[in-house]
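Before any comments, here is the structure.
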There are 2 protein chains.
Amino acid sequence: MSRLSLNQETVRQWSLPELAEGCAKAGVPGVGLWRAPVQEYGVGRAALLLRDAGLMVTSLCRGGFFTAADPAERKTALADNRLAVEEAAALGTDTLVLVSGGLPPGSKDLSGARERVADALAELGPYAAERGVRLAIEPLHPMYAADRCVVSTLNQALDLAERFPAEQVGVVVDTYHLWWDETVAAQIARAGAGGRIAAFQLADWVTPLPEGALLGRGQLGDGSVDLRWFREQLDAAGYTGPIEVEIFNPRLWARDGAEVLAEVAARYREHVL
Amino acid sequence: MSRLSLNQETVRQWSLPELAEGCAKAGVPGVGLWRAPVQEYGVGRAALLLRDAGLMVTSLCRGGFFTAADPAERKTALADNRLAVEEAAALGTDTLVLVSGGLPPGSKDLSGARERVADALAELGPYAAERGVRLAIEPLHPMYAADRCVVSTLNQALDLAERFPAEQVGVVVDTYHLWWDETVAAQIARAGAGGRIAAFQLADWVTPLPEGALLGRGQLGDGSVDLRWFREQLDAAGYTGPIEVEIFNPRLWARDGAEVLAEVAARYREHVL
C-alpha cells in the first residue's frame, strides 16, 4: 500500500478532514487534491491538516484550460495557473495536473489550440519549476477533445512536454484515458526514458457512458482496463512514484466513504499489485 | 451533388420507398443502407426499388462483430457475414462496412480481440472479393473500443487491411470517429496510396454526448469537425468515390425527412464542397 494515493474526487462525499482521517486510518499514505475544495477549506489550513495526518499530497488538479484565443481570456488563464502553482507549492506537492482545454466556441482548429497549450507551457514552466512544481500534461480520452482537452494521446502530451526541460513539464498516465491506444506501451517507455512521468492515475472503463461522459468511470476491476498490465509498463519504464486512484462516479459518492476506500484498497491489491 | 450519398439511418423516419423517392426527387444520387431495414423490406425488392429510382447503393452497413472467443459464436458471426456479403452483392454495392466488435464479456485483451478480427478477414476476404464486394473496416471512435469496435484508429484499420489484398479489404474514413487524431492526414494519404479507401462518411462532432454515446452525431456544420479539410485530404489521397452522410440523431429523426435531406444537401454544399 506504500504507493497508493486516493484522489479526493473518488470520495467526493468526504470533507477534507474526513479525507485526512479516513486515509490515515486506512493506512493509505497519499491523497490527490482538487483546487476548489481545497480553496474552500483554505490552502494553508489544508496543508497543515494533511501534514498533521501524515499524508503526502501526490498531485493537485488542475491547472490548464489554455486554449482560448482571446488575449484577455488567455491572460486570466495564465494568472489562474500561476495561482494554481502557488497552491501546489503550499500543499507540498510537486505535481500540478493540467487539463489543456478544448476548442474555443466555433473553432475547428485543433492544431492551433494545441499550439496555444505549448505557448502557455513556455510561460508557466519556469515559474512552476522555480517553486518546485512540475506541470503535468494529462492527455484526456479523445471523447473530450472538443470541449475539455485537445491533448488526446500520450504521444501528443510527450510531443508537447519534450519541448521543455523535464523538470518543468511532465505527463500524466491515466488508464481511463489511454487504455484503448495500442501505442501506449511504447509511449510509456518513451515517457519513462525521458523522466517525464509525473503521475500515474487509475480508473476502469465501464459502459454505457452516462450523458455528458464525465461521471462514468469504473471502480478498479469493474471494467475493460488491464490495470496490472499498465502498472507493469510503468514499472518497466522506471516509474516508482505514487499510484493515484481517481474515479468520478456518483454511485461511489452515494456510499459511505470509508467503505469506498476499503473497496479501492482491496481492488488495488487484487487488480494492480 | 454528384458524389453525395444519404445513409438511410440519417433519415430513419423514412421507409425504403420514401428514401428512394426522396433522394430521387432531391437529386441525391446515392444511398447507404443498413441490413435490418433492407431485410425487413426484402433484399431483392429493395435492390429493384433503388435501381428503378436510379439510385446507387454506396455501401451496406454492417458486417463484423468478429471478436467473440467462443467457437460457436465465431462460426455464427462468420456465417452471418457471408450472408451480409450476399446481400451487398444483391444490392449492387461493392462495399460492406464492418464494425469489428468489442471485447468479449470479462475480457481485457484488446490485442487478442484485434487478432480475431484479422482471422475473420482472412476467412471472409476471398469470399467477398469473388462476389465483387470489398470488406471495409471502419475504425470507430475510441469511446466504443470496449463494447463495439476494438479498431479505434485509421492506423489500426490499415494495419489490418494491409495484411490482405486491396480488392478484398479496405477502410472507411468517417469524420465522426477520426477527427480528433492528429495522425489522420498521414493515414488518409497512406490509405489512398494503397488503394484502400472504400468509403468516406460524414458526421459532425457535437457535445454533450448523450447517454450511451451512440445517438449524438451532429448535422454537418454544427460541430467541431473541419469537414472541408477532411474532403481535401481525401481528394489529395486520390479518392473520387461517394461521400456519404451518416448522422444518428433523434432530433433529425423527429423532423420531416425531406426537410432533413434538404438541410443535409445545403450543409454539404456549405461545409464540404
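Coordinate-derived values only; no laboratory data. Predicted model, so just to flag it, every value in this text is computed and none were measured. In this analysis, Cβ positions are derived from the backbone assuming ideal geometry, glycine residues included, and neighbour counts consider all displayed protein chains.
Quick check: anything in the range A:233-248 surrounded by fewer than 22 Cβ atoms within 10 Å (Cβ to Cβ) and farther than 19 Å from A:V173 by Cβ?
Scanning the range A:233-248 turns up no residue that is surrounded by fewer than 22 Cβ atoms within 10 Å (Cβ to Cβ) and farther than 19 Å from A:V173 by Cβ.
Among the residues of the range A:41-78, write down those that are among the aliphatic types (A, V, I, L, M) and more than 22 Å from A:R134 (Cβ to Cβ).
Step one: of the range A:41-78, the residues among the aliphatic types (A, V, I, L, M) are A:43, A:46-50, A:53, A:55-57, A:60, A:68-69, A:72, A:77-78.
A:L48, A:L49, A:A53, A:A68, A:A69, A:A72, listed by residue number.
In the range B:207-217, what residues are more than 12 Å from A:M143 (Cβ to Cβ) and more than 8 Å from chain A (Cβ to nearest Cβ)?
B:L214, B:L215, B:R217
So which of A:D235, A:D226, A:D204, A:D222 ends up being among the acidic types (D, E) and free of Cβ contacts under 8 Å to residues at least 12 places away in the same chain?
A:D235
Report yes if some residue within the range A:108-116 is under 30 Å from A:L50 (Cα atoms), touching a Lys or Arg at 6+ places or on another chain (Cβ under 9 Å) and away from chain B (no Cβ under 14 Å); otherwise report no.
no
Within the range B:255-267, identify whether any single residue is within 18 Å of A:K108 (Cα to Cα) and out of contact with any Cys (no Cβ under 7 Å at 6 or more places or on another chain), and answer yes or no. Walk me through it before giving the result.
From the range B:255-267, those within 18 Å of A:K108 (Cα to Cα) are B:267; that's our starting set.
From what is left, the residues that are out of contact with any Cys (no Cβ under 7 Å at 6 or more places or on another chain) are B:267.
So far as the range B:255-267 goes, yes, one or more of its residues are within 18 Å of A:K108 (Cα to Cα) and out of contact with any Cys (no Cβ under 7 Å at 6 or more places or on another chain).
Would you check if there is a residue in the range A:120-140 being in a helix (DSSP H, G or I), aromatic (F, W, Y), within 14 Å of chain B (Cβ to nearest Cβ) and touching a residue at least 40 places away in the same chain (Cβ under 8 Å)?
no
Would you mind telling me which numbered condition in (1) part of a loop (DSSP other than H, G, I, E, B); (2) surrounded by 24 or more Cβ atoms within 10 Å (Cβ to Cβ) A:G195 fails?
Checking A:G195 against (1) part of a loop (DSSP other than H, G, I, E, B); (2) surrounded by 24 or more Cβ atoms within 10 Å (Cβ to Cβ), the one that fails is (2).
Determine whether the range A:235-248 contains at least one residue that is within 14 Å of chain B (Cβ to nearest Cβ) and over 13 Å from A:W205 (Cα atoms).
no
Examine the range A:69-83 for a residue that is crowded, with 22+ Cβ neighbours inside 10 Å and either without any contact (Cβ under 8 Å) to a residue 24 or more places away in the chain or of a type outside the set (S, T, N, Q) (or both), and state whether such a residue exists. Explain how you work it out, then say what you get.
Pass one, the range A:69-83, residues crowded, with 22+ Cβ neighbours inside 10 Å: A:81.
Adding the requirement that they be either without any contact (Cβ under 8 Å) to a residue 24 or more places away in the chain or of a type outside the set (S, T, N, Q) (or both) leaves none.
For the range A:69-83, residues crowded, with 22+ Cβ neighbours inside 10 Å and either without any contact (Cβ under 8 Å) to a residue 24 or more places away in the chain or of a type outside the set (S, T, N, Q) (or both): absent.
Would you point out the residue of the range B:172-187, among those that are assigned to a helix (DSSP H, G or I) and within 12 Å of chain A (Cβ to nearest Cβ), that is surrounded by the most Cβ atoms within 10 Å (Cβ to Cβ)?
B:H177
Grab the helices (runs of 4 or more DSSP H) fully contained in the range A:211-273, keeping just those with 2 or more residues being under 18 Å from the mean Cα position of the chain (by Cα). Walk me through how you get there before you give the answer.
Working: elements: A:227-236, A:250-253, A:257-271.
The qualifying helices (runs of 4 or more DSSP H) are A:227-236, A:257-271.
Can you tell me which residue within the range A:1-32, out of those that are touching a residue at least 40 places away in the same chain (Cβ under 8 Å) and in contact with a Cys (Cβ under 7 Å, 6 or more places away or on another chain), is farthest from A:L83 (Cα to Cα)?
Step by step, filter the range A:1-32, then rank; the result is A:L6.
Which of (1) of a type outside the set (S, T, N, Q); (2) more than 18 Å from A:E270 (Cβ to Cβ); (3) free of Cβ contacts under 8 Å to residues at least 60 places away in the same chain is the odd one out, the single condition A:V172 does not satisfy?
In the conditions (1) of a type outside the set (S, T, N, Q); (2) more than 18 Å from A:E270 (Cβ to Cβ); (3) free of Cβ contacts under 8 Å to residues at least 60 places away in the same chain, A:V172 misses (3) alone.
For A:A145, state whether it is among the small types (G, A, S), within 14 Å of chain B (Cβ to nearest Cβ) and buried (at least 22 other Cβ atoms within 10 Å of the Cβ).
yes
Would a scan of the range B:150-171 turn up a residue that is facing chain A (nearest Cβ under 10 Å), in a helix (DSSP H, G or I) and among the charged types (D, E, K, R)?
For the range B:150-171, residues facing chain A (nearest Cβ under 10 Å), in a helix (DSSP H, G or I) and among the charged types (D, E, K, R): present.
Among helices (runs of 4 or more DSSP H) lying entirely in the range A:34-102, which contain 2 or more residues that are touching a strand residue (DSSP E or B) at 6+ places or on another chain (Cβ under 6 Å)?
Result: A:71-91.
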